[in-house]
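Every number here is computed from the coordinates shown, using simple stated rules; none is lab data. If you're wondering where the values come from, they're calculated on a predicted model, not measured in any experiment. All Cβ positions, even for glycine, are placed from backbone atoms using ideal geometry, and neighbour counts span all protein chains on display.
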Amino acid sequence: MDFDNFDWKKTAGTWEKWWDGKLGRPIFFITGTEGPAEDGKGLPVRHFTSQYDFSIPAGEILLNYEEKVLKKRMYHGDAFPSFWPNFGPGVLAAFTGGEGRNEESTVWFYPGRFENSEIKDISVKLDKSSPWFRRVEEFFIAAADVWKGKVAFGMTDLGGTLDVMSSFLPGEKLILDLYDSPDGVNRLTWEIHEAWWEAYEHFESIIKNSNVGYGAWTPLLSQSRYYMLQCDFSYMLSPDMFGEFVKPELAASCRRLSRAFYHLDGKGELPHLKHLYSIPELAGIQWVPGEGMPHSSEWPEVLKEIIESGRKLQVGISCVEEMEKIISYTDKPEAIAFVGSIERKDKKRLLEFLKQYGIE
């Protein structure tokens, strides 16, 4: 697809209507692929942007992605060309003293200069001289120069505060500190919070004037600050501990965002929903059942509860049948954002489905 003339005004307007509750239908970010990404030419396509050698110019990588992925992608419903620099979940750890390591199919973060440190000896600040910070910064600068607003450029995955902390205090160390050093955990939480926002606002300042809107690793387009917040570490916490150690900082970030979403990852986080509902500035919740669990469409009570709380709901899908099932659970389908991709063989079925919502 040649997206040089993509109708961003119409697309951005549709997304704003959805955010404002005025669209009257679900929003659909559905993509398909017309051909294979790899053609034996140029750079390979990497899921993790960090896995490209840091010596390769960011602009070269972006243009390679444009040719091999974005131009071969079909954008259905309300989808749009997008990219975000994927340096692994919780990359803030590598900006604040930790060490990032690329593995074959993922990225891991390690204590780095905090190796074998006790929580009382750990204090973090954003280090703009970090190679990982400079590399992510390079991608924001390149996107502003190369794409100039013809591709939505999303924020990197900075991570949840306790997720970042657990990179410095791996294994059982952070769990034990929640009991033995709660004041230390709270102190470090707010230090990470300040570093998180310093990084966010730095990257935001680079791309803001040339981007088509705010985005994140989940492509929901917004004309004001949107981000997908998370705390995967909370899977191991009781609701009381979530309320004590996660909710205050999470709520503070929600207040600094215009449209905050929360990444609810797995059934172990379901007990925290009541705390999430008590944050008035939380606009929506993304439900991800987790590996090996039934698909999102098989959790009607969870989906209905989220929507009935007054939040928007984002779920991943891979076929029309999943969307139809989820829509059948609620009389407020306009609160739902469907994000996913479909196989070429299902394209006709998808287009017929979208037509009933006035999408040609």
* Net charge contributed by nearby residues that have their C-beta within less than 15 Å of residue 202 (K/R +1, D/E -1) -> 0
* Asked: In whole Hz, what ³J(HN,Hα) sequence does region 324-336 give by Karplus (6.51, -1.76, 1.60; θ = phi - 60°), x for Gly and Pro?
  -> 4, 5, 5, 4, 5, 7, 9, 9, 10, x, 5, 7, 9
* **Cα-based equivalent ellipsoid of region 202-360: semi-axis lengths in Å, sorted from largest, via gyration tensor** => 27, 22, 14
* Counting pairs of alpha carbon atoms under 8 Å apart in space and at least six apart in sequence, what relative contact order in percent does region 8-355 give? -> 18 percent
* With no solvent and one equal point scatterer per Cα, compute the Debye intensity ratio I(q)/I(0) for the chain at 0.08 Å⁻¹ and report its log10, rounded to two decimals. => -0.40
* Asked: So, counting K/R as plus one and D/E as minus one, what does the shell of residues with Cβ under 15 Å around residue 168 add up to?
  -> -3
* **Cβ-Cβ FRET estimate between residue 105 and residue 308, R0 fixed at 30 Å, reported to 0.05** => 0.20
* Pick out, in residue order, every one of the GluC sites (Glu not before Pro) in region 64-111 that is DSSP loop and has at most 11 other C-beta atoms within 10 Å; say none if there are none. => 103, 104
* Structure fact -> Among trypsin sites (Lys or Arg not before Pro) in region 76-129, those in a DSSP loop whose Cβ has at most 15 other Cβ atoms within 10 Å are 125, 128
* With a point put 7 Å past each Cα toward its Cβ, work out how far residue 328 is from residue 343 in nm, to one decimal. => 2.2 nm
* To do: Take the chain, connect every pair of alpha-carbon atoms lying under 10 Å apart with a spring to form a Gaussian network, then pick out the residue of 250, 63, 313 with the largest mean-square fluctuation.
  => 63
* Structure fact -> Rounded to 0.05, the calculated FRET efficiency for the beta carbons of residue 238 and residue 134 at R₀ = 45 Å is 0.70
* Near residue 307, within a Cβ-to-Cβ distance under 10 Å, what is the net charge of the other residues, with Lys and Arg +1 and Asp and Glu -1? -> 0
* Structure fact -> Inter-part gap, Cα centre of region 256-284 to Cα centre of region 150-192, in whole angstrom, is 17 Å
* Asked: Percent relative contact order of region 257-316, based on C-alpha pairs within less than 8 angstrom and at least six residues apart?
  -> 36 percent
